[in-house]
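The next block holds one structure in the form of structure tokens; read it before the comments.
The values are calculated or read from the model by the stated rules, or taken from the named source; none is laboratory data. What you see is a predicted model; the values in this text were computed from it and never measured. Glycine also receives a Cβ, built like all others from the backbone with ideal geometry; neighbour counts cover every protein chain displayed.
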Amino acid sequence: MPPRRRGGSGYCGVRVRPSGTYSTSIRSGGGMRLGLGTFNTTQDGAHAYDTAAWRLQRSCWDMNFTDVATRERAQELAPFPRLITDEDRRKNRRRERRLSLVEMDEEAMALWSQRFPQDIIN
């Protein structure tokens, strides 16, 4: 059996971001990718991955740290993360679009007030 592929971080489920932080995610049984959060160290991200793997009832072979023997021990090392779903991402994209529209409106109003100050006075 070939060894499991691990990313540039050296841990399963942990990816290095361009900012130098580490993003952690895991695939659920239904094929949905669950974002577990962004961490400052690879070990914190790997512990969060192991905790989620315990909750999804994965085997010990899927864990980053094999010395974590129980679910309780995994949860001590990494508290419950907030799972980020596809619906959360859609809502965030909608908010970002609305925010960009508001910023464009504010820029247009500022430009209008500079070009046509008489309209503002009236």
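If you take the residues of region 60-115 that are modelled with pLDDT under 85 and among the aliphatic types (A, V, I, L, M), which of them is nearest to Ala48 (Cα to Cα)?
Among them, the one singled out is Ala78.
Report yes if Tyr11 is modelled with pLDDT of 80 or more and part of a loop (DSSP other than H, G, I, E, B), otherwise no. Even if it seems obvious, please write down each step before you answer.
Working: modelled with pLDDT of 80 or more: yes; part of a loop (DSSP other than H, G, I, E, B): yes.
For Tyr11, the condition - modelled with pLDDT of 80 or more and part of a loop (DSSP other than H, G, I, E, B) - is met.
Somewhere in region 41-57, is a residue of a type in the set (Val, Ile, Thr), modelled with pLDDT under 80 and assigned to a loop (DSSP other than H, G, I, E, B)? So that I can check it myself, show each step before the final result.
Looking only at region 41-57, we keep the residues that are of a type in the set (Val, Ile, Thr), and these are 41-42, 51.
With modelled with pLDDT under 80 added as a condition, the list becomes none.
The answer is no, given that none of the residues of region 41-57 is of a type in the set (Val, Ile, Thr), modelled with pLDDT under 80 and assigned to a loop (DSSP other than H, G, I, E, B).
Looking at region 34-73 only, could you name the residues that are of a type in the set (Lys, Arg) and out of contact with any helix residue (DSSP H, G or I) (no Cβ under 7 Å at 6 or more places or on another chain)?
To start, the set of residues in region 34-73 that are of a type in the set (Lys, Arg) comprises 55, 58, 71, 73.
The answer is Arg55, Arg58, Arg73.
Within region 89-122, which residues are surrounded by 10 or more Cβ atoms within 10 Å (Cβ to Cβ) and touching a helix residue (DSSP H, G or I) at 6+ places or on another chain (Cβ under 9 Å)?
Trp112, Ser113, Ile120 - these are the residues of region 89-122 that are surrounded by 10 or more Cβ atoms within 10 Å (Cβ to Cβ) and touching a helix residue (DSSP H, G or I) at 6+ places or on another chain (Cβ under 9 Å).
Report every pair of residues separated by at least 6 positions or lying on different chains whose Cβ atoms are under 9 Å apart, first residue within region 2-22 and within 13 Å of His47 (Cβ to Cβ), second at pLDDT 85 or above and loosely packed, with under 11 Cβ neighbours inside 10 Å.
Tyr22/Asn40
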